[in-house]
């Protein structure tokens, strides 16, 4: 099993955190993993993306030419990465901010992650809603492991953020 994921959105949408949480969860489950963060020169507001590979054997390179899965959080990211997913690949779109469509032979899952996050009280947790949707569909890592990683990252002064991130992660996981 090898799963190659490209996660993309605007700087400030928590793209890198999504990748880090997924990568750490995979490591905790004793899988091989790479995480490659990539920032645009603009950082906040510009395109940010990361590449995560999870496998049951050693990984040769962190770079992903064609992903098994794309997680796209805004429209400019869809335009940039729409040709970087394999035929019959899985594409998750934040329908709150992605208005363009994707043509091809893909399994497409659309959810209004930004709207879900707003209803939960914090727009910054749209990333966790998207990660939860990915984990529920692909089962690359267990939801319990993702929650464990998020709880660990929220220790100390950010502990109050665990509850809302948990709600977001589980919001579309059915």
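Bear in mind these aren't lab numbers, they're just calculated from the coordinates by the rules spelled out. Note that the structure is predicted; figures quoted are calculated from it, not measured. No Cβ is skipped: glycine too gets one built from the backbone with ideal geometry, and neighbour counts run over all protein chains shown.
Considering only DSSP beta bridges whose two residues both sit in the stretch 2-170, what percent are antiparallel, to the nearest 5? The antiparallel proportion sits near 55 percent. Take every Cα pair under 8 Å in the stretch 1-63 that's 6+ residues apart, average their separations, divide by the length, and report that relative contact order as a whole percent. Worked out over the stretch 1-63, it gives 44 percent. From helices alone, the chain scores -11000 deg cm²/dmol at 222 nm; the rule is -39500 (n - 2.57) for each run of n ≥ 4 DSSP H residues, then divide by the residue total.
Could you work out how much longer the chain between residue 138 and residue 27 gets when fully extended? Use 0.36 nm per residue separation minus the Cα distance between them, nm to one decimal.
Length gained between residue 138 and residue 27: 38.3 nm.
Among 18, 128, a tally of other beta-carbon atoms within 10 Å of each Cβ gives an order, fewest to most, of 18, 128.
In plain terms, the residue of 63, 35 with the fewest other Cβ atoms within 10 Å comes first and the most crowded comes last, giving 63, 35.
The eigenvalues of the Cα gyration tensor, multiplied by 5 and square-rooted, give the chain an equivalent ellipsoid with semi-axes of 22, 20, 15 Å from largest to smallest.
How high is the relative contact order of the stretch 2-170, given as a whole-number percent (alpha carbon pairs under 8 Å, six or more residues apart)?
Details: 340 pairs, mean separation 36.4, N = 169.
Computed value for the stretch 2-170: 22 percent relative contact order.
Length gained on full extension, residue 39 to residue 151, computed as 0.36 nm times the residue gap minus the Cα-Cα distance: 37.7 nm.
Seen through its C-alpha gyration tensor, with square-root eigenvalues sorted a ≥ b ≥ c, the stretch 86-173 comes out oblate because a/c lies at 1.5 or above while a/b is not bigger than b/c.
Restricting attention to the stretch 1-78, close to 75% of DSSP beta bridges with both partner residues there are antiparallel.
With each label modelled as a point 7 angstrom along the Cα→C-beta vector, the residue 2-residue 122 pair spans 3.7 nm.
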